[in-house]
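Colleague: Before I ask anything, here is the structure I am working with.
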Amino acid sequence: MAATAATAVLAALRGFFGRFRWRPQAPALAGGVRGAARSAAAGRPDYDLLVIGGGSGGLACAKEAAQLGKKVAVVDYVEPSPRGTRWGLGGTCVNVGCIPKKLMHHAALLGAMIHDAPHYGWGVPQQVPHDWSKMAEAVQNYVKSLNWGHRVQLQERKVSYFNMKASFVDEHVVRGVTKGGKETLLSAKHIVIATGGRPRYPTEIEGALEHGITSDDIFWLKESPGKTLVVGGSYVALECAGFLTGLGLDTTVMIRSIPLRGFDQQMSALVTDYMASHGTRFLRGCTVMSVKRLPDSQLQVTWKELASGGEGTDTFNTVLWAVGRVAETRNLDLEKAGVDINPKSKKILVDAREATSVPHIYAIGDTAEGRPELTPTAIMAGRLLAQRLCGQSKDLMDYDNVPTTVFTPLEYGCVGLSEEEAVARHGADHVEVYHAYYKPLEFTVAERDASQCYIKMVCLRKPPKPVLGLHFLGPNAGEVTQGFALGIKCGASYAQVMRTVGIHPTCAEEVTKLRITKRSGMDPTVTGC
């Protein structure tokens with residue numbers, strides 16, 4: 001009986017491997033470089049699937065494949081930032097992105113609620129100091145618990161984890177090097193590259209690298225960053241500037257061109273208008289020329305005003321660069337495996353199946369060319385890829401109508417096309433935009449300014465007026481957008497949204513009441529129930 005079962009297992013494994021012959025063996029780490037090299041040379045892979053990168057997409061792919069019965073390994077190593085910041089398993093989102101960002105954003109919102117509290121009868125002192133160190137410690141401890149949780153989940157699914165720098169030897173073999181310099185060769189039938197990206201330093205600017213930090217560092221600071229200059233107009237820049245202002249810090253944003261490039265520009269303008277009216281200073285049309293450390297440890301920043309050609313200067317405690325990200329592909333030796341990249345972006349070229357120029361090597365997430373740099377898309381792409389590799393599904397990742405939210409003080413959620421994209425794709429005469437300003441109920445008693453709370457729905461003009469895009473600016477934008485994203489993904493029309501019964505009294509309800517078009521020229525202000 002036992003012999004029959006063993007024969008069946010080996011036969012199944014041979015079917016998965018194709019031309020490879022399987023032999024049970026310990027992980028390559030235990031056998032050393034020579035044993036792994038012999039195994040690879042003999043065409044006997046160590047693993048069904050090897051994932052390079054322990055971020056959201058890579059871990060999702062690895063866990064899914066392991067759960068479906070495959071032998072899986074994850075190789076992950078985090079190079080410290082230029083400032084020496086390091087973190088554990090989980091990638092950008094867990095350690096230096098979505099999770100700590102949202103928690104610090106929430107901390108800032110709590111500060112705003114303190115100002116609202118007296119209007120609701122709470123005798124709360126208005127000059128309440130914020131303790132950065134206490135907040136940072138709590139956030140960092142939670143992040144570390146997630147690092148540990150990922151390690152436990154890999155262990156539970158019998159996924160081998162190697163904390164090593166990875167690079168290709170050939171199309172089936174990867175070299176791992178530990179922090180101490182020990183080398184290990186790992187071979188696999190399929191390899192997934194999910195190494196993500198890191199913030200870009202503008203090294204052409206004097207003092208940028210020596211004196212600046214990035215989003216890799218801000219969430220791990222033990223002490224308050226103090227007066228801060230945030231350079232860049234990206235969502236990372238505006239989110240960081242938003243919570244820094246909300247925590248009571250003197251914050252300036254320097255933007256060379258436009259904020260939130262790639263997003264709807266009317267919504268982007270409303271986002272920055274709200275931030276400016278709530279204490280964030282903006283320097284527009286400016287570029288940094290130099291950053292110098294003064295004797296009192298402050299940073300002197302000199303910038304150029306592009307329109308006038310004049311110069312400006314000010315001193316800050318911290319300079320935060322948020323001027324884009326770079327794919328982490330430079331040290332992978334992709335050329336040894338024959339994997340093609342975009343020479344400009346350094347991102348890996350992939351097809352609809354996430355396959356690279358080498359059919360059994362795949363790339364997902366931020367490292368893949370033309371993919372949204374969003375955690376949920378990487379996670380879903382990783383899971384679907386694992387299911388296809390394991391013969392469980394043929395479904396491909398659909399990158400259209402992916403919802404997202406910018407967690408600025410007034411949150412901006414969107415799904416589908418911006419107004420500019422819709423007009424460029426279909427023509428202005430074929431696009432109808434329904435819109436409204438509204439006042440959240442929560443803003444009324446506290447007498448908060450709601451002049452930037454705004455919704456617009458971009459539709460095709462021709463019946464049944466399918467919804468091309470939805471844009472929502474207001475409290476809890478992520479929760480609102482997530483709900484409507486399902487309908488838009490399913491091809492909802494304007495009429496169907498209007499027939500949807502709203503939940504009263506909520507901000508989401510206002511989406512179901514959009515009756516006024518931009519074309520009509522009528523006042524789009526919602527007065528209430």
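The values are calculated or read from the model by the stated rules, or taken from the named source; none is laboratory data. These numbers were taken from a predicted model, which means no experiment stands behind them. Using ideal geometry, Cβ is built from the backbone for each residue, glycine included, and neighbour counts are taken over all protein chains shown. In case anyone asks, the SASA skips ligands and DNA or RNA and just uses the protein heavy atoms, side chains included. Shrake-Rupley method; radii C 1.70, N 1.55, O 1.52, S 1.80 Å.
Colleague: Which residue is most open to solvent (accessible area, probe 1.4 Å), if the candidates are limited to segment 341-369 and must be over 16 Å from ILE52 (Cβ atoms) and not small (Gly, Ala, Ser)?
Modeller: LYS344
Colleague: Same structure again: Examine segment 125-133 for a residue that is of a type in the set (Phe, Trp, Tyr), over 25 Å from ARG200 (Cβ atoms) and open to solvent by less than 60 Å² (accessible area, probe 1.4 Å), and state whether such a residue exists. Steps first, please.
Modeller: Applying the first criterion (of a type in the set (Phe, Trp, Tyr)) to segment 125-133 yields 132.
Narrowing the set further to residues that are over 25 Å from ARG200 (Cβ atoms) leaves 132.
Applying the additional criterion that residues be open to solvent by less than 60 Å² (accessible area, probe 1.4 Å) yields 132.
The answer is yes; a qualifying residue exists.
Colleague: Can you tell me which residue within segment 206-224, out of those that are surrounded by fewer than 21 Cβ atoms within 10 Å (Cβ to Cβ) and assigned to a loop (DSSP other than H, G, I, E, B), is nearest to the chain's Cα centre (by Cα)?
Modeller: That would be TRP220.
Colleague: Also, quick follow-up: So, in segment 386-409, how many residues would count as being in contact with a strand residue (DSSP E or B) (Cβ under 8 Å, 6 or more places away or on another chain) and more than 25 Å from PRO466 (Cα to Cα)?
Modeller: Of the residues in segment 386-409, 2 are in contact with a strand residue (DSSP E or B) (Cβ under 8 Å, 6 or more places away or on another chain) and more than 25 Å from PRO466 (Cα to Cα).
Colleague: From the residues in segment 455-475 that are touching a strand residue (DSSP E or B) at 6+ places or on another chain (Cβ under 6 Å) and over 14 Å from VAL511 (Cβ atoms), which one is surrounded by the fewest Cβ atoms within 10 Å (Cβ to Cβ)?
Modeller: Going through the qualifying residues, I end up with PRO464.
Colleague: In addition: Being among the polar types (S, T, N, Q), more than 27 Å from CYS93 (Cβ to Cβ), at pLDDT 95 or above and under 25 Å from the mean Cα position of the chain (by Cα) narrows it down to one of GLN298, GLN266, so name that one. Steps first, answer last, please.
Modeller: Numbers: GLN298 fails: under 25 Å from the mean Cα position of the chain (by Cα).
Answer to the selection: GLN266.
Colleague: Hey, another quick one. In the list LEU249, LEU260, LEU238, which residue meets the criterion of being at positive phi and not in a strand (DSSP E or B)?
Modeller: LEU260
Colleague: Continuing with the same structure: Residue check: is ILE99 in a helix (DSSP H, G or I), within 17 Å of ASN141 (Cβ to Cβ) and open to solvent by 20 Å² or more (accessible area, probe 1.4 Å)?
Modeller: Spelling it out, ILE99 is indeed in a helix (DSSP H, G or I), within 17 Å of ASN141 (Cβ to Cβ) and open to solvent by 20 Å² or more (accessible area, probe 1.4 Å).
Colleague: Sticking with this structure for a sec: Of the residues GLY32, GLY84, GLY57, GLY69, which is part of a helix (DSSP H, G or I) and at pLDDT 95 or above?
Modeller: GLY57
Colleague: Please go through segment 147-159 and give me each residue that is in a helix (DSSP H, G or I), surrounded by 17 or more Cβ atoms within 10 Å (Cβ to Cβ) and among the aliphatic types (A, V, I, L, M), ordered by number.
Modeller: Answer for segment 147-159, where residues must be in a helix (DSSP H, G or I), surrounded by 17 or more Cβ atoms within 10 Å (Cβ to Cβ) and among the aliphatic types (A, V, I, L, M): just LEU154.
Colleague: Spot the failing condition for GLU419; the list is (1) crowded, with 16+ Cβ neighbours inside 10 Å; (2) under 22 Å from VAL159 (Cβ atoms), and only one is missed.
Modeller: (2)
Colleague: Is there any pair linking a residue in segment 127-142 that is closer than 17 Å to LEU109 by Cβ and assigned to a helix (DSSP H, G or I) to one that is hydroxyl-bearing (Ser, Thr, Tyr) and open to solvent by less than 20 Å² (accessible area, probe 1.4 Å), with Cβ under 8 Å and at least six apart or on different chains, and which?
Modeller: If the second residue must be hydroxyl-bearing (Ser, Thr, Tyr) and open to solvent by less than 20 Å² (accessible area, probe 1.4 Å), no pairs are left.
Colleague: If HIS115 satisfies every condition in (1) buried (at least 18 other Cβ atoms within 10 Å of the Cβ); (2) in a helix (DSSP H, G or I); (3) not basic (Lys, Arg) but one, which is the exception?
Modeller: Every condition holds for HIS115 apart from (1).
Colleague: Look at PRO376 and say whether it is in contact (Cβ under 8 Å) with a residue 12 or more places away in the chain, open to solvent by 30 Å² or more (accessible area, probe 1.4 Å) and within 20 Å of VAL74 (Cα to Cα).
Modeller: Yes.
Colleague: Output the residue which, of all residues in segment 482-529 that are over 29 Å from the mean Cα position of the chain (by Cα), part of a helix (DSSP H, G or I) and of a type in the set (Gly, Ala, Ser), is nearest to PRO463 (Cα to Cα).
Modeller: ALA495
Colleague: Restricting to segment 176-200, name every residue that is surrounded by fewer than 19 Cβ atoms within 10 Å (Cβ to Cβ) and either outside any strand (DSSP E or B) or among the charged types (D, E, K, R) (or both).
Modeller: Step one: of segment 176-200, the residues surrounded by fewer than 19 Cβ atoms within 10 Å (Cβ to Cβ) are 177-183, 200.
Those that are surrounded by fewer than 19 Cβ atoms within 10 Å (Cβ to Cβ) and either outside any strand (DSSP E or B) or among the charged types (D, E, K, R) (or both): THR178, LYS179, GLY180, GLY181, LYS182, GLU183, ARG200.
Colleague: Take the residues in segment 72-87 that are in contact (Cβ under 8 Å) with a residue 60 or more places away in the chain and over 15 Å from ILE52 (Cβ atoms); name whichever of them is surrounded by the most Cβ atoms within 10 Å (Cβ to Cβ).
Modeller: So the residue we want is TRP87.
Colleague: Can you tell me which of ARG519, ARG499 is modelled with pLDDT under 95, surrounded by fewer than 21 Cβ atoms within 10 Å (Cβ to Cβ) and over 18 Å from LEU270 (Cβ atoms)?
Modeller: Answer to the selection: ARG519.
Colleague: A further question on this structure: What residue, of LEU283, LEU249, LEU244, is surrounded by fewer than 22 Cβ atoms within 10 Å (Cβ to Cβ), out of contact with any helix residue (DSSP H, G or I) (no Cβ under 6 Å at 6 or more places or on another chain), under 15 Å from THR318 (Cα atoms) and among the hydrophobic types (A, V, I, L, M, F, W, C)?
Modeller: Just one listed residue meets the conditions, LEU249.
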